[in-house]
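Structure, as structure tokens:
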Amino acid sequence: MIKVGIIGATGYAGAEIARLIYGHPQAEVVWYGSKSYIDEKFASLYGNLFKLVYAKCLDDNMEELADAVDVIFTATPQGLCASLVNEDVLKKVKIIDLSADFRLKDVSVYEKWYKIEHKAPSFIEEAVYGLCEINRDKIKSARLIANPGCYTTCSILTAYPLIKEGLIDPDTLIVDALSGVSGAGRGAKVANLYCEVNESCKPYGVANHRHTPEIEEQLGYAAGKEMLINFTPHLVPMNRGILATEYATLIKKDGKLPTASDIRAAYEKYFGKEKFIRLLEDNVYPETRWVEGSNFVDIGYKIDERTGRIIMMGAIDNLVKGAAGQAVQNMNILFGLDEAMGLEIVPCFP
């Protein structure tokens with residue numbers, strides 16, 4: 001059995017890791033780290049695990065935790081993992097970090113967008129960006145995984161094949177995305193109160209959301225050049241889910257726009273055999289309700305011949321494929337297990 005430790009276990013993403021590992025046949029959580037709830041029963045905070053998990057929350061001592069487990073998930077705010085990780089820890093244990101600490105390769109970009117000093121820049125280069133469908137081979141031998149963000153996972157996967165195949169102009173990409181409130185975390189914030197969120201939809205982080213450089217960097221690798229995009233997130237009154245709608249200009253070849261079959265072929269080339277990416281049928285578009293509670297990414301598209309553009313759409317559960325599920329998928333790859341182990345969950349509806 002893989003021994004698992006979770007730092008930040010009492011946040012939404014940490015608790016989702018705990019739920020998924022509980023149903024994993026080859027892994028078990030032996031340490032629930034939460035500095036805010038030391039000595040409190042984990043199941044008293046998350047009643048869905050009552051009579052299933054009996055452990056109490058411990059602190060976030062990574063040095064001590066590294067001696068007790070095979071892998072540590074850090075589901076914590078930006079800056080904490082970087083302040084705890086060191087070479088002695090990485091010699092003992094694999095780390096899958098759900099924060100942004102090791103996602104961006106340029107430390108100055110990280111510090112500009114996150115407004116904090118990076119505490120472990122020496123580990124940035126070796127960290128592997130854990131977007132499983134794109135970086136699977138690199139993940140296999142990694143010590144430190146930078147688990148992608150929720151908006152970024154959905155946005156990158158939705159556009160990646162078309163950028164990689166040169167079917168769209170990357171300089172024209174616009175991403176609009178909607179997220180459920182759990183994406184903002186469990187902390188008490190006035191903006192996330194029921195009366196503030198219900199019966200409303202609002203943009204936020206306009207032109208400065210912190211996931212923007214992450215999307216640009218990863219899609220830039222596909223494009224073979226640096227990218228600049230417009231990314232606008234929106235908060236909608238639902239618990240879970242992300243829907244990304246993306247627009248880009250199609251690139252003509254021999255004076256003709258790519259056809260629907262060209263687009264389908266590109267998606268099939270990169271994702272046709274992927275367990276967790278579902279390419280929808282023509283004129284069928286993603287809905288968050290059909291991925292809720294699962295590790296699936298649903299992708300659809302529509303060519304707009306009138307404007308010469310394409311509309312690409314993707315949907316995920318922000319807490320599963322956008323956080324905990326992808327983290328477990330990374331764990332499976334790291335330890336040579338079936339990538340889907342513990343994640344073959346049918347989306348729940350209604």
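The values are calculated or read from the model by the stated rules, or taken from the named source; none is laboratory data. What you are looking at is a predicted structure, and each value in this text was computed from that prediction instead of being measured. Cβ sites come from the backbone with ideal geometry, for glycine too, and all protein chains shown count toward neighbours.
Quick notes
- Evaluation of Val4 against (1) surrounded by 15 or more Cβ atoms within 10 Å (Cβ to Cβ); (2) modelled with pLDDT of 95 or more; (3) not in a strand (DSSP E or B) (one fails), failing number: (3)
- Contact map, the range 66-88: residues that are at positive phi paired with residues that are in a loop (DSSP other than H, G, I, E, B) and surrounded by fewer than 18 Cβ atoms within 10 Å (Cβ to Cβ), Cβ distance under 6 Å, separation 6+ or inter-chain. Pairs shown: Gly79/Ile116.
- Any hit, the range 333-340, residues being without any contact (Cβ under 8 Å) to a residue 60 or more places away in the chain, in the same structural domain as Pro161 (by TED's automatic domain parsing) and not β-branched (Val, Ile, Thr): no
- None of Gly187, Gly166, Gly180 is of a type outside the set (D, E, K, R) and under 16 Å from Thr232 (Cα atoms) except Gly180.
- Hits in the range 46-65 - residues which are in a loop (DSSP other than H, G, I, E, B), of a type outside the set (A, V, I, L, M, F, W, C) and free of Cβ contacts under 8 Å to residues at least 40 places away in the same chain: Tyr46, Lys51, Tyr54, Asp59, Asn61
- Positions within the range 303-344 being under 18 Å from Asn239 (Cα atoms), aliphatic (A, V, I, L, M) and in a loop (DSSP other than H, G, I, E, B), in sequence order: Leu319
- Those residues of the range 228-274 which are farther than 30 Å from Val109 by Cα and polar (S, T, N, Q), in sequence order: Asn239, Thr259, Ser261
- Looking across the range 177-195, the residues that are assigned to a loop (DSSP other than H, G, I, E, B), touching a Gly at 6+ places or on another chain (Cβ under 9 Å) and modelled with pLDDT of 85 or more come down to Gly180, Gly185, Arg186.
- Members of the range 86-95 that are out of contact with any Ser or Thr (no Cβ under 7 Å at 6 or more places or on another chain), within 13 Å of Glu126 (Cα to Cα) and not in a helix (DSSP H, G or I): Asn86, Lys94
- Just one residue in the set Tyr22, Tyr12 is touching a residue at least 40 places away in the same chain (Cβ under 8 Å) and within 16 Å of Phe73 (Cα to Cα); that residue is Tyr12.
- Out of Pro237, Pro170, Pro203, sole residue that is crowded, with 23+ Cβ neighbours inside 10 Å, outside the structural domain of Val109 (by TED's automatic domain parsing) and on the phi < 0 side of the Ramachandran plot: Pro170
- Evaluating Lys225 against the criteria (1) closer than 23 Å to Lys105 by Cα; (2) surrounded by 15 or more Cβ atoms within 10 Å (Cβ to Cβ) leaves one unmet condition, (2).
- Scanning the range 35-58 for residues that are loosely packed, with under 15 Cβ neighbours inside 10 Å and closer than 16 Å to Leu80 by Cα yields one hit, Ser36.
- Sole residue being at pLDDT below 95 and among the small types (Gly, Ala, Ser), chosen from Gly293, Gly300, Gly255: Gly255
- Counted residues, the range 311-336 - those being surrounded by 22 or more Cβ atoms within 10 Å (Cβ to Cβ), touching a Ser or Thr at 6+ places or on another chain (Cβ under 8 Å) and of a type outside the set (Asp, Glu): 11
- Yes/no for Trp31 being farther than 26 Å from Gln218 by Cβ and not hydroxyl-bearing (Ser, Thr, Tyr): yes
- Subset tally (residues that are part of a helix (DSSP H, G or I) and either of a type in the set (Phe, Trp, Tyr) or in contact with a Lys or Arg (Cβ under 9 Å, 6 or more places away or on another chain) (or both)) for the range 103-132: 4
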